[in-house]
1. Could you list, in sequence order, all residues of segment 128-159 that are part of a helix (DSSP H, G or I) and either of a type in the set (D, E, K, R) or in contact with a Gly (Cβ under 6 Å, 6 or more places away or on another chain) (or both)?
2. Tell me, yes or no, whether segment 15-26 has at least one residue that is closer than 21 Å to L130 by Cβ and touching a Lys or Arg at 6+ places or on another chain (Cβ under 6 Å).
3. Counting just the residues of segment 160-190 that are of a type in the set (S, T, N, Q) and assigned to a helix (DSSP H, G or I), which one comes out farthest from I78 (Cα to Cα)?
4. What are the residues in segment 15-65 that are small (G, A, S), open to solvent by less than 60 Å² (accessible area, probe 1.4 Å) and out of contact with any Ser or Thr (no Cβ under 6 Å at 6 or more places or on another chain), if any?
5. Quickly run through segment 20-75 and pick out the residues that are within 19 Å of E162 (Cα to Cα) and among the polar types (S, T, N, Q).
6. Does K173 satisfy the criteria of being surrounded by fewer than 20 Cβ atoms within 10 Å (Cβ to Cβ), at pLDDT 95 or above and among the charged types (D, E, K, R)?
7. Could you tell me whether segment 46-54 includes any residue that is touching a residue at least 12 places away in the same chain (Cβ under 8 Å) and within 14 Å of the chain's Cα centre (by Cα)?
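The values are calculated or read from the model by the stated rules, or taken from the named source; none is laboratory data. Keep in mind it's a predicted model, so treat the numbers as computed, not measured. Note: ideal-geometry Cβ built from the backbone for every residue, glycine included; neighbour counts use all protein chains shown. These accessible areas exclude ligands, DNA and RNA; they are computed on the full protein's heavy atoms, side chains included. Shrake-Rupley method; radii C 1.70, N 1.55, O 1.52, S 1.80 Å.
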Amino acid sequence: MPDAINTLVICGSLRKGSYNAALARALPALAPPGLSIKPAPSFAGLAVYNFDDHQATGIPALGTTFVNLIRAADGLIIVSPEYNWSIPGGLKNLIDWISRLKDQPFEGKAVAVQSCATGMLGGARMQYHLRQSLASIGAQFFIKPEVFVNFSAKKFDEKTLELTDQPTKDMVKLQLETYEKFLRRWTGKT
C-alpha cells in the first residue's frame, strides 16, 4: 500500500452558496484512494495585511494556523472564484500575510488550482494571477490538466450545490489522479 499523500484544499470564496466551495467539498469523493484531501479553515477573520501591525504583533493566530497546515501538507489545492478578473481579496490577503515569512511555507510546495465561474472562462484569469503571485514566493505549480468549471450554475444542483455534471467530475478526477502521481514524484513518497 503506498504512503498517503496529504493535501490541503484552500477555498478562495467565503460565500455560503459558492460553487467553488461546493467543488472543494466534492474533491475527497473524486480523489484517488492514495490522495487524502483535508479542507483548510475559513480565512474570514484574518485582518487585512498591514506592515505596521505585522511588526507590532506578528502574524495573527489564524495566519499561523494556515502556515502550519501548509507546512504539514504534501501539496495544496486552491479552489477559487475570479473577482474582477483576478484573485479574490480575502485569498490574496492570506497569501500576503504568509508571504512575509522568511521561512516561506509556499517555497517548493506543489500547488494545483481549480476554479468555477458562471461565465465562459471559468475563472481562468484568476488562475493565471494566482500562479504569478505564488510563483513569486517559490510555489511549484502543477499545470495540467487544468480545471476551469465554466457556466457553473448548470453543473451543480440548484438546491444542494452537489456537483452533477459528469464531464466536470471526470476532468476533476483526471486532474486529481495526475496530481497524485506528480506529488509522489515531487515528494518522493511511494
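1. Those that are part of a helix (DSSP H, G or I) and either of a type in the set (D, E, K, R) or in contact with a Gly (Cβ under 6 Å, 6 or more places away or on another chain) (or both): R131, K154.
2. Among the residues of segment 15-26, not one is closer than 21 Å to L130 by Cβ and touching a Lys or Arg at 6+ places or on another chain (Cβ under 6 Å), which makes the answer no.
3. First, pick out the residues of segment 160-190 that are of a type in the set (S, T, N, Q): 160, 164, 166, 168, 175, 178, 187, 190.
Those still in the list that are assigned to a helix (DSSP H, G or I) too: 166, 168, 175, 178, 187.
Numbers: Q166: 21, T168: 17, Q175: 13, T178: 16, T187: 19 Å.
Here the residue is Q166.
4. Correct list: G17, S18, A22, A24, A26, A31, G34, S36, A40, A47, G58, G63.
5. N20
6. Yes, satisfied.
7. no
Listed here are the residues, each with its yes/no results for (1) within 24 Å of P28 (Cα to Cα); (2) out of contact with any strand residue (DSSP E or B) (no Cβ under 8 Å at 6 or more places or on another chain); (3) exposed (fewer than 14 other Cβ atoms within 10 Å of the Cβ).
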{"site": "L91", "(1), (2), (3)": "yes, no, no"}
{"site": "G108", "(1), (2), (3)": "yes, no, yes"}
{"site": "S136", "(1), (2), (3)": "no, yes, yes"}
{"site": "V147", "(1), (2), (3)": "yes, no, no"}
